[in-house]
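Data first, discussion second: the structure below is written as structure tokens.
The values are calculated or read from the model by the stated rules, or taken from the named source; none is laboratory data. Keep in mind that this is a model prediction, so the values were computed, not measured. Neighbour counts run over all protein chains shown; Cβ positions are idealised from the backbone, glycine included.
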Amino acid sequence: MKTTIKILSLLFIFLIISSCSTDNQLVENDIYTCPMQCEGDKTYSSPGHCPVCEMNLTQPVAKVLYDETDLLSENSIFNLTSKWQTQNKETITLKDLKGKPLVVVMIYTTCKAACPRLVADVRNIEKTLIAEDIKDVKYIFVSIDPETDTPEQLKAFAVENVMDDENHVFLHGSVDDVREFSNVLAVKYKEISPLDFSHSNIISVFNPGGELINQVEGLGMDQTATINAIKSITTH
Ligand SMILES: [Cu+2]
């Protein structure tokens with residue numbers, strides 16, 4: 001008798017759990033809209049007819065922004081096999097950044113002249129995007145001075161600039177890998193003395209598949225083209 005009660009109560013708990021999860025799925029998946037949008041963006045939670053035009057309600061299909069398969073275009077930076085360390089000492093390849101628009105700049109943290117302004121430009125781009133509710137963008141800062149810019153140094157720089165979160169990735173790589181990456185971006189840099197580099201100031205935008213879609217060169221430039229490039233590949 002005791003065993004039967006045990007089994008029954010277990011079965012009862014199982015039923016409760018499974019019915020809860022089914023309910024959740026229904027809530028998440030069942031959004032219907034009128035194909036004619038008679039009442040604007042109004043959504044309905046069950047299939048049926050639009051009360052205005054009587055047409056069958058339909059389920060909107062999520063907008064596909066880019067090819068989500070694993071196939072990379074030959075122009076994708078995700079084909080590069082170089083390994084990098086983030087400010088959190090995680091070892092990654094560029095492909096780990098796949099899936100979001102990327103804003104990429106090359107900097108070095110001890111720069112007193114151009115880099116602080118370049119970082120400020122990126123910050124302004126981010127502010128503009130956030131004001132338009134575009135938050136799903138990654139900002140990548142690649143150091144051209146791997147010797148000084150250890151992951152620890154990059155971490156300190158990220159914290160100092162209030163950019164130490166998952167949307168801001170600071171990368172430390174080998175001298176050769178940094179050089180290879182700079183060639184892709186057409187960024188030129190040269191060490192003029194210890195802790196001092198001359199370098200191009202370029203803000204690059206990559207689509208979620210790792211293809212370069214826009215570049216703006218210079219400091220304090222009008223970044224409308226950068227913003228528009230990012231807007232062209234996001235849902236907003
Ligand atoms: Cu600089």
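What to note about this one:
- Applying the criterion of being within 12 Å of the ligand (Cβ to nearest atom) and in contact (Cβ under 8 Å) with a residue 24 or more places away in the chain to the residues of region 84-113, the residue that is farthest from Ala186 (Cα to Cα) is Thr110.
- Within region 114-132, residues that are among the hydroxyl-bearing types (Ser, Thr, Tyr) have Cβ atoms under 8 Å from residues that are assigned to a helix (DSSP H, G or I) in these pairs: Thr128/Ile227, counting only partners at least 6 apart in sequence or on another chain.
- Among (1) modelled with pLDDT under 95; (2) buried (at least 18 other Cβ atoms within 10 Å of the Cβ), the one test that Val178 misses: (1)
- Candidate set: region 183-227, residues that are without any contact (Cβ under 8 Å) to a residue 12 or more places away in the chain and not in a strand (DSSP E or B); chosen: the one farthest from the ligand (Cβ to nearest atom): Thr224
- Leading residue by the ranking (farthest from the ligand (Cβ to nearest atom)) among those in region 129-155 that are β-branched (Val, Ile, Thr) and within 16 Å of the chain's Cα centre (by Cα): Ile134
- Qualifying residue in region 166-175 (condition: under 20 Å from Leu94 (Cβ atoms), hydroxyl-bearing (Ser, Thr, Tyr) and within 16 Å of the ligand (Cβ to nearest atom)): no
- When Asn56, Asn24, Asn88, Asn75 are checked against the criterion of being within 30 Å of Lys155 (Cβ to Cβ) and either modelled with pLDDT of 75 or more or surrounded by fewer than 13 Cβ atoms within 10 Å (Cβ to Cβ) (or both), a single residue qualifies: Asn88.
- Segments classed as strands (runs of 3 or more DSSP E), wholly inside region 68-162, with at least 3 members that are hydrophobic (A, V, I, L, M, F, W, C): 102-107, 138-143
- Scan of region 112-128 for residues that are among the hydrophobic types (A, V, I, L, M, F, W, C) and under 16 Å from the mean Cα position of the chain (by Cα), ordered by number: Val122, Ile125
- Within region 135-147, one or more residues are touching a Leu at 6+ places or on another chain (Cβ under 6 Å), free of Cβ contacts under 8 Å to residues at least 60 places away in the same chain and farther than 12 Å from Met106 by Cβ.
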